[in-house]
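Worksheet: one structure, shown below.
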Ligand code: GLU
C-alpha cells in the first residue's frame, strides 16, 4: 500500500446525486491507481438536515456502484468512528485547544451587527467580511457580553497572509488575505461546523489528497490555514493535503446541474435500470478522459489509467443521451445469463414475473433475451418489452395510443388478412411465420412492410415497440397469438 489516503465525505441529506457519485468515483480511482486507501466518512453534524435514511441510502448506493471503501462505516479502520455525529467530543477538544493556543477566539457579534457592518463596508467600497472586531476583546468586555446573555461563536484567526497552492486540477491558485477573513468554527450553541470538522478529520485521518467539487474552492485557503494551526497544536500528522478541485457539472441550458434536476438523482438511474457499470463509465467522462478517444471502459481500467493531471478544469456537460447510450453499450456487452440476472429483479418488481418464476417462464426468458438485449437502453425498457410474453390473456391490453395510431380501419383490414395467413401456418416458427405474412400482406395485398407489420405487432405485443415481430409471434405461441388477434378484431 502506498501512503496515499483520499476520502469521500458526503453529508447525508436527501437522495445521492450524480455529482456526488462522480466525486466518489474519482477518489476511488485515485486510491486504486496509487495503491492507496479510500476512506469513506459521513459528514452528519447538521442535525437539522441530515437523516438516517439518507445515511443508509449512501451506503447502499456506494455498494450498488461497487465503490467499496477501505475504511469507513461498517468496515471500520484505525481512525474511526467514521460518522462525524459520533465524534463530537473530538471536535470539542480541538476547539478548546485552538482557543487556548490563540488560533481562535470568541466572537460576540450578533448577526444583525455583522450585517450592518457588511453593508457599510460595501458602501465604502471595502471588501465585506468579518472585520476582526472581537479578535482582541478584553476579558472584561467578554464577561459583559456573557452577562448580557450573548453566546459567542468560536472564530478562527486567519494569519493575514495571501494563500497560494498548486491545485492538482487547476494549477497555481492564489487567494488574497482580504478575501479570506476570520470565519466561524463553532456555533454559539456549541455545534461544530463543516469549517472545523472537515479539516480536523482530514488531519486525524491522515488524508493526503482532497479531490472534491469546485464549489468548495473557496474553503481551501481557510482549511490550509487551519491545517497549520492544527499542526501547531499537535493534531494529526502535520501533513497538509494536496487539493484538486473537480470541474462543475452543467445540466440543461448550461446551468449547473442541481439537486433538483431529475437527471441528477441516483435513484432515477437505479429505478430505470441503468447498470452501475454504465453509469460510472459515463460519470468518469465528466471532466476526465481515458485518452485515445476510448469511451467504453470499466472502472478498473479507469483506475489503472487515472492521473489527476488529466482532469480537465473546464465545466463538464451532463448529457443524458450519451449516458443512456453508454448504458445501452454496457447492456449489449453482458452475457445472456448476466443480463437475465440483472433483469429478473426488475421483472419481479413490475410483477411481470413472480418471486419464484417457473422453469417454463425462465426458459421463455432465455429464448427472448437476445432479441431484447439489442433493443434496450435500460433494464426497465426490457421489462416493457417482455411484458407481453408473461401477461395473462385475460389481462392483456393494447396500448391505447398505439392502438389509435395503428389499428384504425385499414390497420384492422390488414390484421384480418394476417389472421387468415397465420391460421394456415403449420410449423409455428419464425421463418414460416414470416413467409406466410409476407406472401399475404406484401406480395398479395401490396402493402409496404412497415404498414403491414405494425398492426400485427400492436395486436399481439400490445405495443409499437417490441422485440422483432416474427420472433415475438414464435415465442408467444400460435394459440395465444391467434387469440390476441381475434380479441383485437372483435373489439
Ligand atoms: N461534506 C462536504 C460536502 O458534502 C464535503 C466537502 C469536502 O469534500 O470537503 O459537500
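Here, each number is a calculation from the coordinates, and none is a lab measurement. Note that the coordinates shown come from a computational prediction; the quantities given were computed from them, not determined experimentally. Positions of Cβ are generated from backbone atoms using ideal geometry, with glycine treated the same way; all protein chains shown enter the neighbour counts.
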Item to check | Degrees between helix 52-65 axis and first principal axis of the chain (Cα, 0 to 90, nearest 10) | outcome: 60
Checklist entry - Given a Förster distance of 30 angstrom, what is the FRET efficiency for residue 428 paired with residue 296, based on the Cβ-Cβ distance and rounded to 0.05? => result 0.15
Checklist outcome for this item: Treating every alpha carbon of the chain as one equal point scatterer without solvent, the Debye formula yields log10 I(q)/I(0) values at q = 0.12 Å⁻¹ of -1.06
Checklist outcome for this item: Taking Cα atoms, the helix 336-349 axis meets the longest principal axis of the chain at an angle in degrees (rounded to 10) of 80
Checklist entry - Which distance in Å, rounded to a whole number, links the C-alpha centroids of the range 442-491 and the range 14-90? => result 51
Item to check | Theoretical ellipticity at 222 nm over the chain - DSSP helices of four or more residues, -39500 (n - 2.57) apiece, nearest 500 | outcome: -14500 deg cm²/dmol
Next on the checklist: Once the convex hull of the alpha carbons of the range 424-486 is built, what does its volume come to per residue, in cubic angstrom?
Outcome noted: 79
Checklist entry - Which values of log₁₀ I(q)/I(0), to two decimal places, follow from the Debye formula for the range 97-256 at q = 0.10 Å⁻¹ with a uniform point scatterer at every Cα? => result -0.43
Next on the checklist: Angle check, please: helix 18-34 long axis (alpha carbons) against the longest principal axis of the chain (alpha carbons), in degrees 0 to 90, nearest 10.
Outcome noted: 80
Next on the checklist: Please state the shape class of the range 227-353: rounded when a/c is under 1.5, otherwise prolate if a/b exceeds b/c and oblate if not, all from the C-alpha gyration tensor.
Outcome noted: prolate
Item to check | Alpha carbon centroid spacing (whole Å) that separates the range 360-425 from the range 293-307 | outcome: 39
Item to check | Gyration tensor (Cα) of the range 298-424, equivalent ellipsoid semi-axes in angstrom | outcome: 39, 21, 13
Next on the checklist: Taking every DSSP beta bridge with both residues inside the chain, roughly what % is antiparallel (nearest 5)?
Outcome noted: 55
Item to check | Calculated over the range 65-164: convex hull of Cα atoms, volume per residue (Å³) | outcome: 223
Checklist outcome for this item: Ratio for the range 251-290, C-alpha Rg to 2.2 N^0.38 Å, reads 1.26
Item to check | Cα gyration tensor shape of the range 204-264, rounded if a/c is under 1.5, else prolate or oblate by comparing a/b with b/c | outcome: prolate
Item to check | Three principal axis lengths of the range 289-338 [C-alpha, angstrom, descending] | outcome: 40, 25, 16
Item to check | Scattering profile of the range 145-217 at q = 0.14, 0.27 Å⁻¹ [log10 I(q)/I(0), Debye over alpha-carbon scatterers] | outcome: -0.62, -1.31
Item to check | Orientation-averaged projected area, Cα convex hull of the range 370-491 (nm²) | outcome: 7.2
Item to check | the range 1-158 - convex hull of the alpha-carbon atoms, volume per residue in Å³ | outcome: 184
Checklist entry - Label-point separation (nm) for residue 151 and residue 370, each offset 7 Å from Cα along Cα-to-Cβ? => result 7.0
Next on the checklist: With the cut-off at 1.5 for a/c, could you classify the range 377-436 from its C-alpha gyration tensor as rounded, prolate or oblate?
Outcome noted: oblate
Checklist entry - Taking the Cα centre of each part, how many Å lie between the range 98-147 and the range 208-279? => result 30
